[in-house]
1. Against the 2.2 N^0.38 Å scaling, with N counting residues, where does the stretch 191-307 land? I'd like the Cα-based Rg ratio to two decimal places.
2. If amide H atoms are built 1.01 Å from N in the plane of the peptide, which residues on other chains or at least 5 residues away come under 5 Å of the amide H of LEU50?
3. Largest first, please: the extent of the C-alpha atoms of the chain along each principal axis, to the nearest Å.
4. Can you list which of the DSSP-assigned H helices in the chain have a Cα extent of 27 Å or more along the long axis and an average Kyte-Doolittle score of at least -0.5?
5. So how compact is the stretch 27-82: Cα radius of gyration and Dmax in angstrom?
6. Tell me, what is the percent relative contact order of the chain, built from C-alpha pairs under 8 Å that lie six or more residues apart?
7. How would the stretch 300-372 be classified by its alpha-carbon gyration tensor: rounded, prolate or oblate, with rounded meaning a/c under 1.5 and the a/b versus b/c comparison settling the rest?
8. Cβ neighbours within 10 Å, averaged per peptide: list 59-72, 132-145 in order, most packed at the top.
Amino acid sequence: MAHKPGAKAASDRGDDTALVWFRNDLRLADHRPLTEALQEARHVLCVFVLDRKAGGAWALGGASLWWLHHSLAALAEAIGKAGGTLILREGDAAKIIPALASEAGAASVHCGRSHEPVLRELDRRVEKALAQHDIAFRSHRVSTLFELDTIRTQTGKVYGVYTPFARTCRGLPDPEPPLPPVKQLHAPDGKFASDRLEDWHLLPTRPDWAGGLRDAWNPGEAGAHARMQRFLADHLDDYGDSRNIPGNEDGTSMLSPHLRWGELSPVQVWHAAREANGQGRARKGSTGRSGFDTFQGEILWHEFAAYLLHHNPAMPDEPLRPAYNRLRWRHDPRGLQAWQRGQTGVPIVDAGMRQLWHIGWMHNRVRMITASLLTKHLLVSWQEGEAWFWDTLVDGDLATNSASWQWVAGTGTDSQPFFRIFNPVTQGRKFDPDGAYVRRWVPELQRLGDRWLHEPWEAPEAELERAGIRLGDHYPRPVISLTEGRDRALAAFRNEVRAAS
Ligand SMILES: Cc1cc2nc3c(=O)[nH]c(=O)nc-3n(C[C@H](O)[C@H](O)[C@H](O)COP(=O)(O)OP(=O)(O)OC[C@H]3O[C@@H](n4cnc5c(N)ncnc54)[C@H](O)[C@@H]3O)c2cc1C
């Protein structure tokens, strides 16, 4: 085979250099690409490539870029401590990775396997380009518990429904224990050009809207482990009940951004939870399941979303149920903007949207309620909501975000039916009964009594006055009548989706 000028032939290299290409797996522990590269070669070159254009509409959003900056800084420091260097490059990875591997005289390139369509296509291009240099391309499972292609129904079909998928996963042998952290690295000789992280300008400056993010998060592998250990030691047992109470800040793990960026692998979380469960009280919640069992179920939802995207690459853009292409979603810029800004006049929805804006994360229960108000009461398309979440979430994950939006909108293969519409008032009363969540994020309602907190538009004038609220002035009147919005959504579903099916 002919070699590109400047590239060393495999025989000249003595196979002592490998390149590790980091993507959504910003960690040193349980990192198979790195571990295998080290088994294969004495020198390892670590690289991260930023391509702001890759992904088109799904190029990284603002909150993700903030997280990425800090996570890369943490990774570079950890790699430095181990004796290596993280090379940063910007541009098309299909050109950069082969060129760099060739320059370093690498015999192989290792990276984490992805279920995201853009990365899968990129892998094909990189592999092809590497082959021209006679360099091997190896991808490894880094972000799922199991190999997604191996999970099939008894008749060999792809699962479309979570429950049997999860049952099958639970019946499999546990994923193998996580690999130990890599402690020592030797970079290859030579100086490899690298960008400076600061020069990428991933952090917002004008304006700097990231103050709430800085207070809430500690991106990077060490922060991820600290959060996981705290949650598992103190809160796992209660998870079955506490996970639905948005006012309880310890009710869920808040591990989602760490998992999204691969600072932790699902395998690590799976095993750590099992171990913590052995030490805990294994108390059953009101659902009859232990906190551990319920938590495992959520990790399997994460797995299921990856599985769905792997088998349905169009999921972020198109309904999994084609009949929903007939639904005429409304163009409602005013309603959409009120929703985005947390100014709908529906307290639990506004609390969620403001929490999202402030810390780049929203409680799962409230994600469902806010998504339901947008897609059902306002009849605005799920893709509009999906795009807003993508831009504002620090855990914005192509698979989970699109699967979840389709679940709420009723357009997914395994979703709640379209006609099941969350009532935000009932939901608020049930899951935020003392109003702790709404009062925290919608302070203008702080003095309103529990009775009216979730539907201030029904409160007697005297109650509002006593709480210092004038509707339409201090706090908006509802952007939509909940009854009318619900009836309109049901009619659209009946006439445009079901009638034509
Ligand atoms: C409309 C909508 C959009 C969403 N977008 C995203 C997204 O972009 N990224 C994302 O990570 N999650 C998303 N979710 C799922 C879920 O809301 C978050 O994973 C969860 O709130 C994260 O908080 P936690 O880490 O405290 O979760 P925990 O309750 O502690 O759960 C542990 C882990 O399990 C996984 N998990 C939990 N709930 C779900 C779920 N319903 N579906 C899939 N995985 C789950 C997450 O990885 C989570 O970190 C979305 C949900 C909805 C309804």
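Every number here is computed from the coordinates shown, using simple stated rules; none is lab data. Values in this document were obtained by computation on a predicted structure and should not be read as measured data. Every residue, glycine among them, receives a Cβ derived from its backbone with ideal geometry; neighbour counts consider all protein chains shown.
1. Dividing the Cα Rg of the stretch 191-307 by 2.2 N^0.38 Å gives 1.29.
2. Amide H to amide H, under 5 Å and 5 or more residues apart or across chains, LEU50 pairs with ARG89, GLU90, GLY91.
3. Rounded to whole Å, the extents work out to 84, 49, 48 Å.
4. Helices passing the filter in the chain: 62-81, 291-311.
5. Over the stretch 27-82's Cα set, Rg and Dmax evaluate to 13.9, 40 Å.
6. For the chain, the relative contact order is 16 percent.
7. Judged from the Cα gyration tensor, the stretch 300-372 comes out oblate (a/c at least 1.5, b/c at or above a/b).
8. 59-72, 132-145
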